[in-house]
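A short worksheet on the structure shown next.
The values are calculated or read from the model by the stated rules, or taken from the named source; none is laboratory data. Only a predicted model underlies this, so the values are computations on that prediction, with no experimental measurement involved. Glycine also receives a Cβ, built like all others from the backbone with ideal geometry; neighbour counts cover every protein chain displayed.
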Amino acid sequence: MTKNDKNNQKEVEKVDSDVKQKAEKEEKEDSETEKLKQKVEGLENQIKRVLADYQNLEKRVREDRVSWIRTANKDLLLRFLPVLDTLILASKHSEDKSLEVTTQQFLQALKDEGVEKIETEGKAFDPNTMEAIGTQEGKEGEVIEETRMGYMIRDRVLRVAQVIVGEGK
């Protein structure tokens, strides 16, 4: 082998070595890139979960706030119903028209807040909205008389109506 051949062989070996090193370096970089991509993907998924959890929390807090307000309103309305009962009874037994007007204003204010009277007289007894406090001769299962008005608020019972039910004799 000549000196040139030896030099050429050394150069080829050096180039081969350089190529191998570059290939190993690229392989290592590709591996690191893949690991980083996986890490980024994992972090993106984690961010999505955290965001969804936060949005669910916000929704739950809003719903809880509405529920608390409705409960507070319900408690307040329940405290006013005996006053309304007294006004209604007084207006029935008084000739004072201002008392009747006041009663109607009170009923309208309740209606504006979503409170509706439960209709009972002549209706079939409904244990979900009525409480039977007695029976009387009449059509069985039908409300004969209402002794205390009942009220609903947004399709929920605020106070059951007290009624006398027919016993079918």
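Looking at segment 55-74, can you tell me whether even one residue there is of a type in the set (V, I, T) and over 26 Å from F106 (Cβ atoms)? Yes, segment 55-74 has at least one match. Of all the listed residues (T147, T86, T120, T103), the sole one being of a type in the set (V, I, T) and free of Cβ contacts under 8 Å to residues at least 12 places away in the same chain is T86. If you check E131, E113 for being modelled with pLDDT of 95 or more and of a type in the set (D, E, K, R), only one passes: E131. Checked against the criteria, Q104 does not count as over 29 Å from A72 (Cα atoms) and polar (S, T, N, Q).
Determine if segment 63-86 includes at least one residue that is farther than 24 Å from M152 by Cβ and either in the same structural domain as V163 (by TED's automatic domain parsing) or in contact with a Leu (Cβ under 9 Å, 6 or more places away or on another chain) (or both). So far as segment 63-86 goes, no, none of its residues is farther than 24 Å from M152 by Cβ and either in the same structural domain as V163 (by TED's automatic domain parsing) or in contact with a Leu (Cβ under 9 Å, 6 or more places away or on another chain) (or both).
Within segment 28-73, the set of residues being under 13 Å from the mean Cα position of the chain (by Cα) and among the aromatic types (F, W, Y) comprises W68 only.
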